[in-house]
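In what follows, a single structure is set out as structure tokens and then discussed.
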């Protein structure tokens, strides 16, 4: 399949004041506009949002296995789909603040994880080993193949054979370039030829060369850099939040040894340069923990959930504002698009983001070394639990009498009529009915677990929910 005719002119913004021009909105297969007033990048965003490849991310785990619950809070952990949606929100706002087209950045964020397999990097390594004879496997290169070939949206006749061939979602050049995290083929890393990271398979080089036409070699466009930073911020902060919800993390361990040393050991060389002084990471973590909103504990209550959500919001805001301010200081207040600028991330902020990810991994690894399953949270006893505190009951004890009685008959007389009703001791007491949309009753309720049956907060008499209980 052949694309539009190539050009060797260096890339420059075609529109006025550094905005997007015709070459940025060009598609591999030309298409007429369907509706006047709708931009090309709005169409790209809609195509990615409605694609099957994006929906399939719902079945891929982010950090906590779906269905895993904590005894503090039955949370719904994030998946690759919800992570992509949150990454898109972060990237859209950051990109718009810097002058990028928000729909373009959002389309790149939504599609950045499409090609990544289940089981994270372990699954990627297994597929790469299995497919070694046919070019290997890389999640980012697979994302490009999905966008340009596998996702069924547009088919065009092949110039050579006349047969219909898929061009995937047929996105614009700028959108494909913004979704390319590693703009080189296999073995083409600019500084590490042995790196396993690459952005295009050999079979996809024609469309890769087309989307990179006129771009500086091995350089990511500005929108791809915004997408990459939004991804780092979103998964680092939200993985930390999910770890607390699932019971994998205890914030108090960040104050103690040897856990702190384990964090530096995991982070240095993997998330920060190998020559980083551990004291720099220690100071960065201490500055975070000195903030008023930092979660020093988590018990699953509504107040704790709200405080944790505020902490994640504060972290995302600080990381994004730091990058925005540093980039503006370097490139001014104009619109920053394509190859007109580089995203500047202060080293201190980058250490905090990657240090948070290293802390999550170090605690998880420590749990594995101790023989615990990090996918299942440790059981936490509930206060005032009847199951744990009630004394042993004698045989024949019934809840209605509160004392021993003659054991129930276990056999039925021959002349007894059959019945489909449950035995009396297994029937549930019917709750009083109320009309639809009627306010909840403020009658006194009994909580067997020692928590409010409505807000699940600790025993405190009359709660903010307007109900009283004993």
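FYI, it's all coordinate maths here, none of it is from the lab. Not measured: the values here are computed from a predicted model. Virtual Cβ from ideal backbone geometry, glycine too; neighbours counted across all protein chains shown.
At a Förster radius of 30 Å, what calculated FRET efficiency corresponds to the Cβ-Cβ distance of residue 197 and residue 38, to the nearest 0.05?
Details: r = 35 Å, r/R0 = 1.17.
With R0 = 30 Å, the Cβ-Cβ based efficiency is 0.30.
Kindly put 20, 271 in sequence by how many other C-beta atoms sit within 10 Å of each C-beta, fewest to most. Numbers along the way, then the final one.
Numbers: 20 23, 271 20.
The order, fewest Cβ neighbours first, is 271, 20.
Take the alpha carbon gyration tensor of segment 35-174, find the square roots of its eigenvalues, order them as a ≥ b ≥ c, and report rounded if a/c is under 1.5; if not, report prolate when a/b exceeds b/c, else oblate. Intermediate results must be reported in sequence, preceding the final value.
Numbers: a/c = 2.22, a/b = 1.20, b/c = 1.84.
It is oblate, given that a/c is not under 1.5 and a/b is not larger than b/c.
Does segment 129-237 come out rounded, prolate or oblate, given a ≥ b ≥ c as the square roots of the eigenvalues of its C-alpha gyration tensor, rounded meaning a/c under 1.5 and, failing that, prolate meaning a/b above b/c?
Values: a/c = 1.68, a/b = 1.37, b/c = 1.23.
Note, shape of segment 129-237 comes out prolate.
Taking the simple approach of a point 7 Å from Cα along Cα-to-Cβ for both residue 218 and residue 256, what is their distance in nm?
4.6
Quick one: order 320, 100 by neighbouring beta-carbon count within 10 Å, fewest to most. Walk me through the intermediate numbers first.
On the way: 320 20, 100 30.
Fewest-to-most Cβ neighbours within 10 Å comes out as 320, 100.
What ranking do 104, 110, 49, 308 get, fewest neighbouring Cβ atoms within 10 angstrom at the top?
Values: 104 34, 110 27, 49 15, 308 20.
In increasing order of surrounding Cβ atoms, one gets 49, 308, 110, 104.
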